[in-house]
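Here the structure is laid out as structure tokens; the discussion comes afterwards.
The values are calculated or read from the model by the stated rules, or taken from the named source; none is laboratory data. Note that the structure is predicted; figures quoted are calculated from it, not measured. No Cβ is skipped: glycine too gets one built from the backbone with ideal geometry, and neighbour counts run over all protein chains shown. Note: accessible area is taken over every heavy atom of the protein model, side chains too, but ligands, DNA and RNA are not part of it. Shrake-Rupley method; radii C 1.70, N 1.55, O 1.52, S 1.80 Å.
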Amino acid sequence: MVTNNFEYFAPESFDEAAQLLAKYRDTAKILAGGQSLLPIMKLRLAAPEVLIDLSHVPELSEISSNGDGLTIGSMATYYELSQSAVVQKAAPAIAEAAGQVADVQVRNRGTIGGSLSHSDPAGDMPAVFLALNGAAVARTRRGTREIASDRFFVDLLTTALRPTEIMTQIKIPVATGKTGSAYSKFENKASHYAIAGVAAQVTLGSDGTVTAARVAVTGVSSKSTRAKRTERILIGKEPTASVIRRASDRAAAELQDDLTEDIHASGEYRSYLATVIAERAITAAVERAR
Ligand SMILES: Cc1cc2nc3c(=O)[nH]c(=O)nc-3n(C[C@H](O)[C@H](O)[C@H](O)COP(=O)(O)OP(=O)(O)OC[C@H]3O[C@@H](n4cnc5c(N)ncnc54)[C@H](O)[C@@H]3O)c2cc1C
């Protein structure tokens, strides 16, 4: 199928893009890499009258890090994230997840901002954003606010972004002490979307026990979600293989009323996979922290 007719704008600055979005509001959609929006437009599941393409706003692709942490422009592509030495050093789980998204064509076009704004239930970046305790910078013509990852994903394909807000940056706080992060997934072999994916960030104290842990699961329910019971089991303990296994067994515990069932996997299978993948991601994060 082809899309409905739409008007196309290619602004060359953030201000121009924000003005267009303020003018057309609910009838407009931001176009980032187009790897989710264009397919759903072709299926006529979305029919925006106006597309505002951000790909000619260069400052939205910048990646930098300083003493506060990592700042990633929303238009940074998966390819750029997977290759960036700055990202690999500051937040290896982001580079690792970006390198596992889809195929090379999608990785060349798809963006971190598009992935988070779309909130696909099987998206890789939402889980990593949650595990790394990130924040999204949302801007309009009039102001800027930061939305913490814990408040960002509201429901299936629904986020806390308002219709006139553009996500300009993703902020990842600097990891203190002995911290490691990792992302692992069991993927659909055709699309590479996660059937179950888990991102983990673990911090170890000087005595080797876990002082902080954030674990997030994707692919298993309507949105990426933190596995807080898993985190609670890890914190305060030495992360031995048996502790990691016991914690991983609870990875889908909070999701039992919201399990995804489709032609690719039953809810029960996804729930089981989450425990297996959690064990891999947490083990890798602990090894990196050590
Ligand atoms: C064949 C195929 C396989 C895929 N496999 C995977 C996979 O394995 N893992 C995975 O995670 N994803 C996968 N995807 C999805 C892909 O990652 C998309 O790139 C991503 O979901 C959306 O990013 P985008 O930049 O293409 O955004 P777009 O499609 O351009 O936009 C998506 C939505 O976000 C909004 N939006 C985009 N940017 C902003 C912004 N800065 N501010 C506010 N709103 C914004 C748009 O208006 C739209 O509603 C796959 C896609 C395809 C086509």
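Here are some notes:
- Criterion violated by Ala182 - all others in (1) more than 13 Å from the ligand (Cβ to nearest atom); (2) outside the structural domain of Ala212 (by TED's automatic domain parsing) satisfied: (2)
- If you go through the stretch 26-54 and keep only what is surrounded by fewer than 20 Cβ atoms within 10 Å (Cβ to Cβ), more than 21 Å from Phe14 (Cα to Cα) and near the ligand (Cβ under 9 Å from one of its atoms), you end up with Leu38, Pro39, Ile40, Ala46.
- Any hit, the stretch 138-145, residues being near the ligand (Cβ under 9 Å from one of its atoms), open to solvent by less than 40 Å² (accessible area, probe 1.4 Å) and either within 11 Å of the chain's Cα centre (by Cα) or closer than 14 Å to Tyr193 by Cα (or both): no
- Complete set of residues in the stretch 9-42 that are farther than 22 Å from Ala138 by Cα and either touching a residue at least 40 places away in the same chain (Cβ under 8 Å) or of a type in the set (Val, Ile, Thr) (or both): Ile40, Lys42
- Residue within the stretch 2-18 that is within 27 Å of Phe129 (Cα to Cα), polar (S, T, N, Q) and more than 13 Å from the ligand (Cβ to nearest atom) present: yes
- Note on the stretch 229-254: residues that are open to solvent by less than 10 Å² (accessible area, probe 1.4 Å) and more than 21 Å from Arg290 (Cβ to Cβ) amount to 2.
- Segments classed as helices (runs of 4 or more DSSP H), wholly inside the stretch 55-102, with at least 2 members that are without any contact (Cβ under 8 Å) to a residue 40 or more places away in the chain and open to solvent by 10 Å² or more (accessible area, probe 1.4 Å): 78-83, 85-90
- In this structure, Ala241 does not qualify as under 28 Å from Asp103 (Cβ atoms) and small (Gly, Ala, Ser).
- Just so you know, in the stretch 118-137 the residues that are surrounded by fewer than 24 Cβ atoms within 10 Å (Cβ to Cβ) and not in a loop (DSSP other than H, G, I, E, B) include one that is nearest to the ligand (Cβ to nearest atom), and it is His118.
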